[in-house]
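So the structure is just underneath, and the comments pick up after that.
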Amino acid sequence: MKIVRIFANHLFSFHFKDEIENSLKRVLRQWEDPEYIYKFLKENAADIKPGKSIAELTNEIMEDSRFIIDSILKIIDSDEANLDHFFKPLDNNEYRIHELSRRKGRQSVLRLYAIRIESNIYVITGGAIKLPLQHLMEDRTHTQKELIRLNTAKDYLKNNGIFDEDSFFEFLNEIS
């Protein structure tokens, strides 16, 4: 497993051993591929609320993917905003910040998952299309996989003595 720098010293992504691309590239490629999205929606049609066609939802997902990237770029370029405005606790009942907190950024049905190192420093672990009738990550195979990736990444960071910004950047310097 490797950690890849995406934007300055703020956004990073895990590159898992069994994958060709880092986690951010992988999910963005999927979300921008109409064939992938269409197939996913056909396989999960029971989780789509009535009233939306698969074609409409496919277009919305592709637009939302671009919105997520634009939002992150605006935050990175801003002197006032930071990534804490985009990434919220994975658990909606989490009200205080935990060490290496599991986080999600979202737009409509898209979720981008990350581990929070410290304020404005995140490492992406993956992402998912989470349809309206899919309530918990444990409910579907594709979101279960993302939960496992989140937990694996968090364990990796802990096992390498990472618990804050200093230990994170020290670790990155050691492995480069």
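Details
- Glu165, sole failed condition from (1) surrounded by 15 or more Cβ atoms within 10 Å (Cβ to Cβ); (2) closer than 20 Å to Ile72 by Cβ: (1)
- Residue selected from segment 123-136 under the condition of a type in the set (A, V, I, L, M) and open to solvent by 20 Å² or more (accessible area, probe 1.4 Å), by the criterion farthest from Leu83 (Cα to Cα): Leu133
- Qualifying residue in segment 37-47 (condition: within 30 Å of Asn173 (Cα to Cα), open to solvent by 20 Å² or more (accessible area, probe 1.4 Å) and either polar (S, T, N, Q) or in a helix (DSSP H, G or I) (or both)): no
- Number of the condition not met by Phe12 [criteria: (1) on the phi > 0 side of the Ramachandran plot; (2) surrounded by 13 or more Cβ atoms within 10 Å (Cβ to Cβ)]: (1)
- Within segment 42-62, residues that are free of Cβ contacts under 8 Å to residues at least 40 places away in the same chain and polar (S, T, N, Q) sit with their Cβ atoms under 6 Å from residues that are assigned to a helix (DSSP H, G or I) and open to solvent by less than 50 Å² (accessible area, probe 1.4 Å), at 6+ positions apart or across chains, in these pairs: Thr58/Ile37.
Conditions tested, residue by residue: (1) at pLDDT 95 or above; (2) farther than 15 Å from Gly126 by Cα; (3) not hydroxyl-bearing (Ser, Thr, Tyr).
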position	(1), (2), (3)
Ala55	no, yes, yes
Phe67	yes, yes, yes
Lys74	no, yes, yes
Asn93	no, yes, yes
Leu100	yes, yes, yes
Arg103	yes, no, yes
Leu112	yes, no, yes
Ile115	yes, no, yes
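- Scanning segment 136-176 for residues that are of a type in the set (Lys, Arg) and part of a helix (DSSP H, G or I) turns up Lys145, Arg149, Lys154, Lys158.
- Lone unmet requirement of (1) of a type in the set (Phe, Trp, Tyr); (2) more than 14 Å from the chain's Cα centre (by Cα); (3) assigned to a strand (DSSP E or B) for Phe14: (2)
- Scanning segment 66-122 for residues that are open to solvent by 20 Å² or more (accessible area, probe 1.4 Å), in contact (Cβ under 8 Å) with a residue 12 or more places away in the chain and assigned to a loop (DSSP other than H, G, I, E, B) yields Asn82, Phe86, Leu90, Ile97, Glu99, Ser108, Ser119, Asn120.
- Evaluation of Ser176 against (1) closer than 19 Å to His15 by Cα; (2) among the hydroxyl-bearing types (Ser, Thr, Tyr); (3) in contact (Cβ under 8 Å) with a residue 40 or more places away in the chain; (4) surrounded by fewer than 19 Cβ atoms within 10 Å (Cβ to Cβ) (one fails), failing number: (3)
- Any hit, segment 120-127, residues being touching an Asp or Glu at 6+ places or on another chain (Cβ under 8 Å), of a type in the set (A, V, I, L, M, F, W, C), at pLDDT 95 or above and closer than 20 Å to Lys145 by Cα: no
The values are calculated or read from the model by the stated rules, or taken from the named source; none is laboratory data. Note that this is a predicted model, so its numbers are computed, not measured. Here Cβ is always computed from backbone atoms with ideal geometry, including for glycine, and neighbour counts include all displayed protein chains. Areas reflect the complete protein model, heavy atoms only, side chains present, ligands, DNA and RNA absent. Shrake-Rupley method; radii C 1.70, N 1.55, O 1.52, S 1.80 Å.
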